[in-house]
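Peer 1: Encoded as structure tokens, here's the structure I'll be asking about.
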Amino acid sequence: MTEPTPQPKKLFIKTYGCQMNVYDSDRMADALAAEGYVATASAEDADLVLLNTCHIREKASEKVFSELGRLNALRAERAAAGSREMLIGVAGCVAQAEGEEIVRRVPGVDLVVGPQSYHHLPELVEKAAGRPRNLTARETAERAARDGRVATDFALAEKFARLPLPSREATRARGLTAFLTVQEGCDKFCSFCVVPYTRGAEVSRPVADVLREAQALVEAGVLELTLLGQNVNAYHGLDAAGRPVGLGELLRRLAEIPGLARLRYTTSHPRDMDDGLIEAHRDLDKLMPYLHLPVQSGSDRILKAMNRRHTRADYLRLIERIKLARPDIAMSGDFIVGFPGETDADFEQTFALVREVGYASAFTFKYSPRPGTPGADLPDQVPEEKKAERLERLLELTTEQMRAFGRACVGRTLDVLLEKKGRLAGQLGGRSPYLQAVHLDAPESLIGTIQPIEIVAAGNNSIQGKIVTDSERKAASLVESSAA
Ligand code: SAM
Ligand code: SF4
């Protein structure tokens, strides 16, 4: 008689928050793939469920606890039905910020792992699988740290050295674009932000590490790389000679990788946009003309209270310099309304700044007081209704600007990376250089190529295009040369 083949263990990761968490979720999946875990699309089907959490705003972290309640119920149902066991883990910034408190609050949680400790995941899972059940909540919490099921140390260099690179197959399955974390943590301490506490001090990965990972991604078919960091333009990784290298130089080295077509990076702080990076925008065709550069507020008084270390004028001057280097660059930004002490006049300055810059895309947030940050203890917290009112006005303006940017693209021919099938038959979906979603009718054989696409219409959240035929291209270049 032949032995039945063991079923692979199934892993479901639910990701909350920013792109860095998306990247981390993939790396956790890679680490667990080595232990025989395969990805599955739902918690219902999983042997291990990981919530990769976000702590940036209160709403984001509260969502995690309601999801944990649902997972606990699911596990109880399974146990009652006598089906296989399910382990529940909490990763990410809530894990880092709350640590053992999570196990105290939700005793069903089997493991807690902070962002710098993902290389410990296989051991944590093993320990969690063997943990005694049916303990009281108090016993569970008391034993959690002792059992080694809570890992929240800061050991970034070790994490990257020990996490395996994704397999070619895993990279292919993730698509033609990939994230690559080059820097983590932040030393800026903006007074509203938890990142310096949850992700720790700023650490950059060595240049050779980044190049190796980028090369592997490109060899597996990735065409577009987005470099990630909480404060990515503070990157200062060491090169082979032990010399610190800035983000501009890193981008230049990455641009030399044959087969890599596009580069992006996010998220940047205005103070760290140095000359080298601006020159990279001037010189590198592969670096896309789109820059996410959060300002948070247009009022100097509020910027000071936020400890942003730049003024409104500094920010505007910086954009001028960037546009001189790369005139077709499109701007994106983050804005917080209702920071403590923000008056109507302060808000009007933010509104006016948005008008002046004209953003291709923007992310607007109501200020959320985060325990442990200086902002949370400031007097003059802005009432919720006031925040909501300001958010609505700003959102209306930024949405209109995004749509106007889309309309202004109509009639232009943009290079579009064709990534996947669209929702309708015969349709493909891709991204413009400005990160807009583009839909068009085109054959599937063009997936994985970059094509010149004429933009014919702009919708609310995407733009539509059509393939530029060879004869149209020839006709266009004739017009251009006769005009010259
Ligand atoms: N490093 C980036 C920078 O300096 O602009 C920002 C990274 S942060 C993860 C993403 C965005 O979340 C911020 O730009 C800010 O707009 C928003 N954010 C951070 N803390 C917040 C808070 N307490 N309340 C509301 N929004 C917040
Ligand atoms: Fe947070 Fe960005 Fe400020 Fe750092 S620079 S504290 S990540 S908002």
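Peer 1: Could you list all residues from the stretch 338-366 that are of a type outside the set (Gly, Ala, Ser), within 9 Å of ligand 1 (Cβ to nearest atom) and open to solvent by less than 10 Å² (accessible area, probe 1.4 Å)?
Peer 2: The answer is 339, and nothing else.
Peer 1: On the basis of being more than 30 Å from residue 220 (Cβ to Cβ) and modelled with pLDDT under 95, does residue 358 make the cut? Let's see the steps before the verdict.
Peer 2: On the way: more than 30 Å from residue 220 (Cβ to Cβ): yes; modelled with pLDDT under 95: no.
Considered against the rule, which asks whether it is more than 30 Å from residue 220 (Cβ to Cβ) and modelled with pLDDT under 95, residue 358 comes out as no.
Peer 1: Return the residue satisfying two criteria in turn: it lies in the stretch 251-264 and is in a strand (DSSP E or B) and open to solvent by less than 10 Å² (accessible area, probe 1.4 Å), and of such residues it is farthest from ligand 1 (Cβ to nearest atom). Spell out the reasoning first.
Peer 2: So the first thing to find is which residues in the stretch 251-264 are in a strand (DSSP E or B), and the list is 262-264.
After this cut, where a residue has to be open to solvent by less than 10 Å² (accessible area, probe 1.4 Å) as well, the list is 262-263.
On the way: 262: 22, 263: 19 Å.
In this case the residue turns out to be 262.
Peer 1: Let me ask something additional. Would you check if residue 288 is more than 16 Å from ligand 1 (Cβ to nearest atom), touching a residue at least 40 places away in the same chain (Cβ under 8 Å) and either among the charged types (D, E, K, R) or buried (at least 19 other Cβ atoms within 10 Å of the Cβ) (or both)?
Peer 2: Criteria met by residue 288.
Peer 1: Taking the stretch 367-393 as the search range and keeping residues that are away from ligand 1 (no atom under 11 Å from the Cβ) and in contact with a Pro (Cβ under 8 Å, 6 or more places away or on another chain), which one is most open to solvent (accessible area, probe 1.4 Å)?
Peer 2: Once the filter is applied, the top-ranked residue is 380.
Peer 1: Report, by residue number, each residue of the stretch 320-337 that is open to solvent by 10 Å² or more (accessible area, probe 1.4 Å), part of a helix (DSSP H, G or I) and touching a helix residue (DSSP H, G or I) at 6+ places or on another chain (Cβ under 8 Å).
Peer 2: If the condition is that a residue be open to solvent by 10 Å² or more (accessible area, probe 1.4 Å), part of a helix (DSSP H, G or I) and touching a helix residue (DSSP H, G or I) at 6+ places or on another chain (Cβ under 8 Å), then 321, 325 are the ones that fit.
Peer 1: Please list, ordered by residue number, the strands (runs of 3 or more DSSP E) wholly in the stretch 346-436 having 2 or more residues that are within 16 Å of ligand 2 (Cβ to nearest atom).
Peer 2: Numbers: elements: 361-366, 413-421, 427-431.
Strands (runs of 3 or more DSSP E) meeting the threshold: 361-366.
Peer 1: A further question on this structure: For the stretch 355-375, check the following and say yes or no: at least one residue is within 22 Å of residue 315 (Cα to Cα), out of contact with any Cys (no Cβ under 6 Å at 6 or more places or on another chain) and without any contact (Cβ under 8 Å) to a residue 24 or more places away in the chain.
Peer 2: No.
Peer 1: Search the stretch 266-278 for residues that are open to solvent by less than 40 Å² (accessible area, probe 1.4 Å) and pair each with any residue that is of a type in the set (Asp, Glu) and more than 9 Å from ligand 1 (Cβ to nearest atom) when their beta-carbon atoms are under 8 Å apart and the residues are at least 6 apart or on different chains.
Peer 2: Correct list of pairs: 270/314; 276/249.
The values are calculated or read from the model by the stated rules, or taken from the named source; none is laboratory data. Owing to the predicted nature of the structure, the values given are computational and were not obtained by experimental measurement. All Cβ positions, even for glycine, are placed from backbone atoms using ideal geometry, and neighbour counts span all protein chains on display. Surface accessibility is based on the protein's heavy atoms, side chains included, excluding ligands, DNA and RNA. Shrake-Rupley method; radii C 1.70, N 1.55, O 1.52, S 1.80 Å.
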